[in-house]
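Here the structure comes first, spelled out in structure tokens, and everything after it is commentary.
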């Protein structure tokens, strides 16, 4: 039995990994290991490790990471995570590590695995998010990884541009599309009951994460969004709280104040969970903020997305996405366009650029095929010239 270890540190990341975990668990000859860390283990983020257990998976190890809300805190978190992952990987002795994305805890796991000479399979490499430090971390993880699973052909080509051999780079699409296609979602009435919140005539799903490479503060940019939302009195808002990037506590305080001030019109959740989140996205009139879910998942539901600022700058976007600057006037203009019947009708005809929902099956099969045949993680630099 070959041991494949999947690391997850956040609610959104686990939601994406869910269909792959099911496929890996079902693969003959593979033993699935799961390491939960970071936001999963923090009360302020909803103790989301419980969702992993409720879904029938076993968590083999936990790695506690100090989640300090400042720039110095990221360095401390990486340092602590690196020590924790090194100990866990030595204990579990996996034959391969599976990592998704670009967060600092994922970077720490990659360093620990690479220095231990454990092959890494990386998902969602080759992408760009120019407004956050994650951009550089993602490309660094790519250079430490042996297998690469890209969400689009342009991203596959960029991984190769970074010097990775084409035979080890696969365009499989996004795991998020698997979730949408194969998850039984709640209807509007059932979701209102689950959330304890009446949707009204129009409703928005808002997620705004800290902007770690921009000059203006995250809280200031978020306040610009709230100012714009106040111009749409009939638009109810469901907020999902931000991730653990520096500046998240400022946004949380603003959300808490706004929800208390607008009871019945606005509500916030630390974590909705995979099923409720996707169900909500299907029901809302608009997705607004700077989360990747507005770029990747929303097109499959035909829902308009207002994407604020540079956090997602560089990602491939479908025609349902309206980019705007992080100021009230620009956001208001984008909201007016997104909520117009004409634009909403065009969103129903959008094709997702992120695959057809077969990513999990392809990744599991390739890992099962390759995991026992990697004799060394040493690799040459693939030159394009």
Original post:
Are any of the residues in the range 152-169 within 26 Å of residue 278 (Cα to Cα), crowded, with 17+ Cβ neighbours inside 10 Å, in contact with a helix residue (DSSP H, G or I) (Cβ under 9 Å, 6 or more places away or on another chain) and in contact (Cβ under 8 Å) with a residue 40 or more places away in the chain?
Top reply: no
Original post:
Does the range 50-57 contain at least one residue that is surrounded by 24 or more Cβ atoms within 10 Å (Cβ to Cβ), out of contact with any strand residue (DSSP E or B) (no Cβ under 7 Å at 6 or more places or on another chain) and under 28 Å from residue 133 (Cβ atoms)?
Top reply: no
**OP:** Kindly check whether there is at least one residue in the range 44-57 that is on the phi > 0 side of the Ramachandran plot, assigned to a helix (DSSP H, G or I) and either modelled with pLDDT under 95 or in contact with a helix residue (DSSP H, G or I) (Cβ under 8 Å, 6 or more places away or on another chain) (or both).
**Re:** no
Original post:
Would you say residue 235 is surrounded by fewer than 23 Cβ atoms within 10 Å (Cβ to Cβ), touching a strand residue (DSSP E or B) at 6+ places or on another chain (Cβ under 6 Å) and in contact (Cβ under 8 Å) with a residue 12 or more places away in the chain?
Top reply: yes
**OP:** With respect to residue 15, determine if the residue is farther than 20 Å from residue 108 by Cα and surrounded by 24 or more Cβ atoms within 10 Å (Cβ to Cβ).
**Re:** yes
**OP:** Kindly indicate whether residue 93 is in contact (Cβ under 8 Å) with a residue 40 or more places away in the chain and either loosely packed, with under 15 Cβ neighbours inside 10 Å or out of contact with any strand residue (DSSP E or B) (no Cβ under 6 Å at 6 or more places or on another chain) (or both).
**Re:** yes
Original post:
Within the range 280-329, how many residues turn out to be buried (at least 24 other Cβ atoms within 10 Å of the Cβ), over 20 Å from residue 174 (Cβ atoms) and under 18 Å from the mean Cα position of the chain (by Cα)?
Top reply: 4
**OP:** Name every residue in the range 58-104 that is assigned to a helix (DSSP H, G or I), within 22 Å of residue 133 (Cα to Cα) and touching a helix residue (DSSP H, G or I) at 6+ places or on another chain (Cβ under 7 Å), in order of residue number.
**Re:** 74, 77, 78, 81, 82, 85, 104
**OP:** State whether the residues of the range 346-359 include one that is more than 23 Å from the chain's Cα centre (by Cα), without any contact (Cβ under 8 Å) to a residue 24 or more places away in the chain and either exposed (fewer than 15 other Cβ atoms within 10 Å of the Cβ) or over 30 Å from residue 210 (Cβ atoms) (or both).
**Re:** no
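The values are calculated or read from the model by the stated rules, or taken from the named source; none is laboratory data. Given the structure is predicted, the values throughout are model-derived calculations rather than measurements. For neighbour counting, all protein chains shown are included, and Cβ atoms are generated from backbone atoms with ideal geometry for every residue, glycine included.
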